[in-house]
1. If you take the charge dipole of the protein assembly as shown about its Cα centre, with +1 on Lys and Arg Cβ and -1 on Asp and Glu Cβ, which of B:Leu110, A:Val120, A:Val153 is farthest toward its positive end?
2. Collect residues whose amide H, placed 1.01 Å from N in the peptide plane, falls under 5 Å from the amide H of B:Phe220; neighbours closer than 5 in sequence don't count.
3. Go ahead and set up a Gaussian network model of chain B, Cα springs under 10 Å, then flag whichever of B:Leu68, B:Leu121, B:Leu171 fluctuates most.
4. Nearest 10 degrees, 0 to 90: what angle lies between the long axis of helix B:181-194 and the longest principal axis of chain B (Cα atoms)?
5. Working only with C-alpha atoms, what are the Rg and Dmax values of the stretch B:1-134, expressed in angstrom?
6. May I ask for the percentage of alpha-carbon pairs in chain B that lie more than 25 Å from each other?
7. Evaluated at 25 °C with a viscosity of 0.890 mPa s, what Stokes-Einstein diffusion coefficient in µm²/s does the stretch A:83-219 have when Rh comes from the Kirkwood expression over alpha-carbon pairs?
8. If I take the Cα coordinates of the stretch A:3-105 and project them onto the principal axes, what are the three extents in Å, biggest first?
Amino acid sequence: MSNATLSAKRSSLRGATLPKWFPWAVAAGSLALGYGISAAAGLDSDIQWALIAAVLFVVGSYAVSAKIEGSRQAKDRTATSLVWVAFLLAVTPLASLLWETVERGVKVLDVFFLTHSMGVVADAEPGGGIYHAMLGTLEQVGLAALISVPVGVLTAIYLVEYGRGRLAKAVTFFVDVMTGIPSIVAGLFILSLWVLILKMGPSGFAGSLALSILMIPVVVRSTEEMLKLVPNELREASLALGVPKWRTILKVVLPTSIGGIITGVMLAIARITGETAPVLLLVWGTDFINANPFQDPQESLPMYIYLQFGAGSDASHDRAWAAALTLIAFIMILNLVARGIARWKAPKTGR
Amino acid sequence: MAKRIDVSGLNAYYGSFLAIEDISMTVEPRSVTAFIGPSGCGKSTFLRTLNRMHEVTPGGRVDGKVMLDDENLYGAGIDPVAVRREVGMVFQRPNPFPTMSVYDNVAAGLRLNGKYKKSQLDDIVEKSLKGANLWNEVKDRLNKPGSGLSGGQQQRLCIARAIAVEPNVLLMDEPCSALDPISTLAIEDLIGELKEQFTIVIVTHNMQQAARVSDRTAFFNLAAVGQPGKLIEIDDTERIFSNPSVQATEDYISGRFG
């Protein structure tokens, strides 16, 4: 043995290391083994052999690494493989959901579908579209945002900039409670207030009221977090220039955090766009185009999906999937817009 | 423009905690007064009582008198916002507004306080940036974000922002502690120029800096942690650093402390 290899072996800083392809090899091996085991045992579900493979992957990489590299590296590898498994577990349903929706949804999704209502089409027949539902969703969500954003943002400003003592604590507590209100309860509350006590008929606006009950706490929470992120130094810098507090909030605090606030609002909108229960109770649904959210029933996308899927014919199932795809696309576009605005409005650091 | 500050019997509290006790001193107009003393002795707190920024801190409370020429800053009916227009402040860490350009940062104090014509603003911005020795470095990038400047430039930008509203007094809370020696030198030179127009009060941990820039020096100390900070003595800088009248001051300055 040469001197070089001797000194390399004796170095206390260098231990045995597994090659870079080791995790991939273990992954491939455990996949094959998992598939083999489930074939031999006669398990026919994809989930079963995937779970077996995942367990084999975590256990296998720990065992091999513990044998060769030592226990610290083995723990490190276990953590890494757990992270990977968790990531795949989280992403697989999402990818599968997207795939499923796109595959089934594109069948009837075309310009005709987006520009026509169900007015003269029976549920069992092909044809018809979601124009009335898109219109209803846009109007109801828009109205809900119109109510919730000012209330929510102003509440958050109160909590962060002014709120001291008992009132602020009470507001925070009730916002927390509101976050947990099930959407059907919000719907029932507006039903009893708006329809049963005030004797108003079902309308898009009634739905918006229920949706804003769901949206306000989300807006308050996210705006609050964003305002808390604004460094106190900026507020003090502005106050020290002799700027009144309200102007400091308006001209320094809000512009600094506006990107995050808009993102929060968009996420809140995305959340309420998919709500079905309050809409069922308060907007009732219709097959005809009703552009007036303040009078008579309207349709909305989630309710359209629910009703079409319930109708049970092939044509209505296709329509339900296409409407679901439209809904997902709508929310995705909202998110992208929010990200764009957040990036555009973010405090600039460039030279 | 510069005004005299006359403090008598001033106590400042955080909630029920007495942070500084019974401070009386006079700050001469058109001069630099330095505050030195160990951490936690209340220098910054005292500085912040001079433009009513102390009460911005939750629980912050002050009693005593701070006379700005012949007006008591803590008298009845005094508007803290108006006080802060008279007494400007520069902070320890450079804090330009991140959403604003260099130009907007300097104009911020004016714009947020009222309406100005564009040409008027242009003049004031140029004058303030020149006053802060920053004009030559930023005149070609006035519309770039202020946070893109270097730390020293940012601090001079903050000084320009503070002097743009033409205060009578300029308070500086360790303005150089986050800066390198060259930027520090630039700001010390600037302080020397600014004292022609303003009354300047500077808090510093750097004894040499106090000796270099100030005309008068005040030494603060506290008996023990949890005790209120007190003014030990205030005198001409030369005297404080050569022949202070209190033993504690000499110990602190020569490093034989504690």
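No value in this document is a laboratory result; all are computed from the given coordinates. Keep in mind that what you see is a predicted model, and the values were worked out from it rather than measured. In this analysis, Cβ positions are derived from the backbone assuming ideal geometry, glycine residues included, and neighbour counts consider all displayed protein chains.
1. Looking along the dipole axis, the top candidate is B:Leu110.
2. B:Ile36, B:Gly37, B:Ile232
3. The residue that fluctuates most here is B:Leu121.
4. Orientation of helix B:181-194: about 90 degrees from the principal axis.
5. So, for the stretch B:1-134, Rg and Dmax equal 16.8, 50 Å respectively.
6. When every Cα pair of chain B is considered, 44 percent fall beyond 25 Å.
7. Answer, rounded: 131 µm²/s.
8. 68, 31, 19
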